[in-house]
Amino acid sequence: MRIFHYIKGVARWTKRQNDAFSFVPTMGALHAGHLSLVENARAMGKPVLVSIFVNPAQFNNAEDLDKYPRTIAQDLALLKNSGADAVFIPVTTDLYTSGLADVDIDLGGLENVFEGLHRPGHFKGVIKVLHRFFSLLSPSDVFFGQKDLQQCLVVEKLIARHFPSIHQHNIATERDPTTGLALSSRNARLSSEGLKKAGNIHKALVMVAKTENLDGARNLLNDQGIEIEYLETIALPDMLPATDTSSRKAVVFAGYVEGVRLIDNLQTH
Ligand code: AMP
């Protein structure tokens, strides 16, 4: 498995693949959710490049950035085992002084709701880094997790506008087999009691998906001491409030357990 830190080196590798490779961007602290993305990428039969970069531009909170878990040695061992071909661990100054102008994408209002509303500037930072990655590396296929549903929708807009030849794959959320808690690097910051509490997030999402009982689900979470930022049923792909005629719907959640911000969602069709 090749490891690169500078654009020059990784770009040489990507050129050798004739632009036919799969790309899995991550922020590290890897878990089975990330590895499922790598596995799906490998199933395409093309070489797989994984990036590990805790992108400062997409954090709107300095403490959150500071506390974001970093486990690089373990990440590299996991990636080697999972059959990744190359890993790109950019140096911030190299990545962000590459002379590429930032792009402004029309997000059709996605920047004003849910993650866009509660994390001002977050999607600007996501677009900034992905525009750089896609421009500099030219992958044929890119892999994202449905756990970050709104991010999938934002990336779809970036790709439609600037990278029409890239094929985007949105992969199902990996969950804890007993509680259904969505795997997340942030779960590492929870105590065992916090992890148990957080298991109720999935329960609440299932309750809303099955019964549309938003109040019941909010009570369930409040009773567990989970601070809800949002819990709503929305229509896809614009994330406006769902109506009886919406053909694709999802329940979306963000909230705090032991001061750690967690998000999750469930698509209900
Ligand atoms: P992150 O390192 O949190 O930025 O995540 C990198 C990629 O992994 C993103 O596309 C996430 O949506 C995806 N991901 C994170 N958690 C999961 C999960 N539990 N199941 C599937 N994909 C995930």
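The values are calculated or read from the model by the stated rules, or taken from the named source; none is laboratory data. Since this is a predicted model, take the numbers as computed values, not measurements. Methodologically, a virtual Cβ is constructed for each residue, glycine included, from the backbone with ideal geometry; neighbour enumeration extends over all protein chains shown.
Looking for something part of a helix (DSSP H, G or I), within 11 Å of the ligand (Cβ to nearest atom) and out of contact with any Asp or Glu (no Cβ under 7 Å at 6 or more places or on another chain) - is there at least one such residue anywhere in the stretch 7-23?
Quick first cut of the stretch 7-23, residues part of a helix (DSSP H, G or I) only: 7-16.
Narrowing further to those that are within 11 Å of the ligand (Cβ to nearest atom): none.
No - not one qualifying residue is present in the stretch 7-23.
Of the residues N213, N170, N219, which is within 18 Å of the chain's Cα centre (by Cα) and either over 30 Å from D106 (Cβ atoms) or at pLDDT 95 or above (or both)? I'd like the intermediate steps shown before the answer.
Values: N213 fails: within 18 Å of the chain's Cα centre (by Cα); N219 fails: within 18 Å of the chain's Cα centre (by Cα).
That would be N170, the only listed residue that is within 18 Å of the chain's Cα centre (by Cα) and either over 30 Å from D106 (Cβ atoms) or at pLDDT 95 or above (or both).
Evaluate the stretch 1-16: report whether one residue or more is under 19 Å from the mean Cα position of the chain (by Cα) and modelled with pLDDT of 95 or more. Spell out the reasoning first.
Step one: of the stretch 1-16, the residues under 19 Å from the mean Cα position of the chain (by Cα) are none.
No, the stretch 1-16 contains no residue that is under 19 Å from the mean Cα position of the chain (by Cα) and modelled with pLDDT of 95 or more.
With the requirement that a residue be aromatic (F, W, Y) and within 10 Å of the ligand (Cβ to nearest atom), what does the stretch 130-144 give you?
Selection gives F143, F144.
Could you go through the stretch 145-162 and let me know if any residue there is away from the ligand (no atom under 13 Å from the Cβ) and either touching a Gly at 6+ places or on another chain (Cβ under 6 Å) or free of Cβ contacts under 8 Å to residues at least 40 places away in the same chain (or both).
Here is the first cut: in the stretch 145-162, the ones away from the ligand (no atom under 13 Å from the Cβ) are 157-162.
Checking the rest, the ones that are also either touching a Gly at 6+ places or on another chain (Cβ under 6 Å) or free of Cβ contacts under 8 Å to residues at least 40 places away in the same chain (or both) come to 159-160.
Yes, there is a match, as at least one residue in the stretch 145-162 is away from the ligand (no atom under 13 Å from the Cβ) and either touching a Gly at 6+ places or on another chain (Cβ under 6 Å) or free of Cβ contacts under 8 Å to residues at least 40 places away in the same chain (or both).
Assuming P177 fulfils every condition listed in (1) within 14 Å of the ligand (Cβ to nearest atom); (2) in contact (Cβ under 8 Å) with a residue 12 or more places away in the chain; (3) surrounded by fewer than 19 Cβ atoms within 10 Å (Cβ to Cβ); (4) not aromatic (F, W, Y) apart from one, which condition is it?
The one condition P177 does not meet is (2).
Would you check if there is a residue in the stretch 46-60 being at pLDDT 95 or above, within 13 Å of the ligand (Cβ to nearest atom) and touching a Pro at 6+ places or on another chain (Cβ under 7 Å)?
Yes, because at least one residue in the stretch 46-60 is at pLDDT 95 or above, within 13 Å of the ligand (Cβ to nearest atom) and touching a Pro at 6+ places or on another chain (Cβ under 7 Å).
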